[in-house]
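Engineer: One structure coming up, written as structure tokens, with questions to follow.
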Amino acid sequence: MLFGLAVSDSCACVLAVKTMWQQHLAKPCLRLYQRQCALTSKAVRVHQLHSTSTGFTDRCYDDLYPGHIHTTPIQKALLAVGSGVAALQNPYRHDMVAVLGETTGHLALINLRDRMRNDPEGYAVLTERPRIRLSTLDLSKMASLPDGSFGREYLRFLEDNHVTPDSRADVKFVDNEELAYIMQRYREVHDLLHTLLGMPTNMLGEVAVKWFEAAQTGLPMCALGAVLGPLRLNARRLQSLFTSLGPWALQNGRRSRCILSIFYERRWEQSVEDLRQELNIEPPPITLSATNKKSTKKYE
């Protein structure tokens, strides 16, 4: 009885914060974001002008990996604030979420790198640098796998939720080549994690995955999404999050094996159930279904 009252009070508190955000904070944050974008644009232009007159040192930074953009601490701070406000306004702005992750995740990426180096399979991932893209996936083979296999269920997730691994942006603002790959790997593993956790891409499913990722990776971007994501849920979904999905996601995120230390490309034929047991991940306490049913696009 007391627990039920506590959950009800928590839901009411979150709904009150949500209402306050919509009525009083949304427009000021949008104006702040617009100012930060203007300042960031100016900073990038100044950097570009400066880089044309510098020598070998800056070129070394710019050539760490294809697409890398070297930024100063001030520029990173501006990018973090601007992208954070934009992501708060619209959690589906994956480009802004990506920039936020790159500009705030340095220490967490170092910790993830150390965990991968200390795991034989994780070390193989760091050495071979596999990428999860449509061009690297044998979709015909995955479609022929039996139901329940990791490869078949991942393909089903892509079809049911109308997503593609090619939608993940390339890393630009991480000033270390190995850490940049780890951030890229994290992005490309995100949809695989949805498959492992049995979570669709609706808001409740995304928040549950963010709670897992926050406990598992320590990335500030994930923690921010875990804290602010519930503001966009209605009372019924808030109750599901606080009473079942949230505790399950946090517990499994803390205790499971490092999700980046798995060479998923070699696990397509393994069953989802066996892979969960190996990673020490329990099945979800409730089943959520994909909400987008408008498209019939298949990956063939």
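Engineer: So, of the residues in region 84-115 that are assigned to a loop (DSSP other than H, G, I, E, B) and touching a residue at least 12 places away in the same chain (Cβ under 8 Å), which turns out to be most open to solvent (accessible area, probe 1.4 Å)?
Structural biologist: In this case the residue turns out to be 91.
Engineer: Right, another one. In this structure, is residue 81 under 19 Å from the mean Cα position of the chain (by Cα), over 18 Å from residue 187 (Cβ atoms) and open to solvent by 30 Å² or more (accessible area, probe 1.4 Å)?
Structural biologist: yes
Engineer: Something else: Which helices (runs of 4 or more DSSP H) sit wholly inside region 198-275 and have at least 1 residues that are in contact with a Gly (Cβ under 8 Å, 6 or more places away or on another chain), over 30 Å from residue 123 (Cβ atoms) and open to solvent by less than 10 Å² (accessible area, probe 1.4 Å)?
Structural biologist: 203-217
Engineer: Another one. Any idea which of 223, 249, 215, 180 is under 13 Å from the mean Cα position of the chain (by Cα), at pLDDT 95 or above and among the small types (Gly, Ala, Ser)? Talk me through it step by step, then tell me what you get.
Structural biologist: On the way: 223 fails: at pLDDT 95 or above; 249 fails: under 13 Å from the mean Cα position of the chain (by Cα); 180 fails: under 13 Å from the mean Cα position of the chain (by Cα).
Among 223, 249, 215, 180, only 215 is under 13 Å from the mean Cα position of the chain (by Cα), at pLDDT 95 or above and among the small types (Gly, Ala, Ser).
Engineer: So, in region 116-137, how many residues would count as being open to solvent by 70 Å² or more (accessible area, probe 1.4 Å) and under 29 Å from residue 95 (Cβ atoms)?
Structural biologist: Counting residues in region 116-137 that are open to solvent by 70 Å² or more (accessible area, probe 1.4 Å) and under 29 Å from residue 95 (Cβ atoms) gives 5.
The values are calculated or read from the model by the stated rules, or taken from the named source; none is laboratory data. Note that the structure is a prediction, hence the values are computed from the model and not measured. Reconstructed Cβ throughout: ideal geometry from the backbone, glycine too, with neighbour counts over all protein chains shown. Quick note on the areas: whole protein, heavy atoms, side chains included, nothing else; ligands and nucleic acids left out. Shrake-Rupley method; radii C 1.70, N 1.55, O 1.52, S 1.80 Å.
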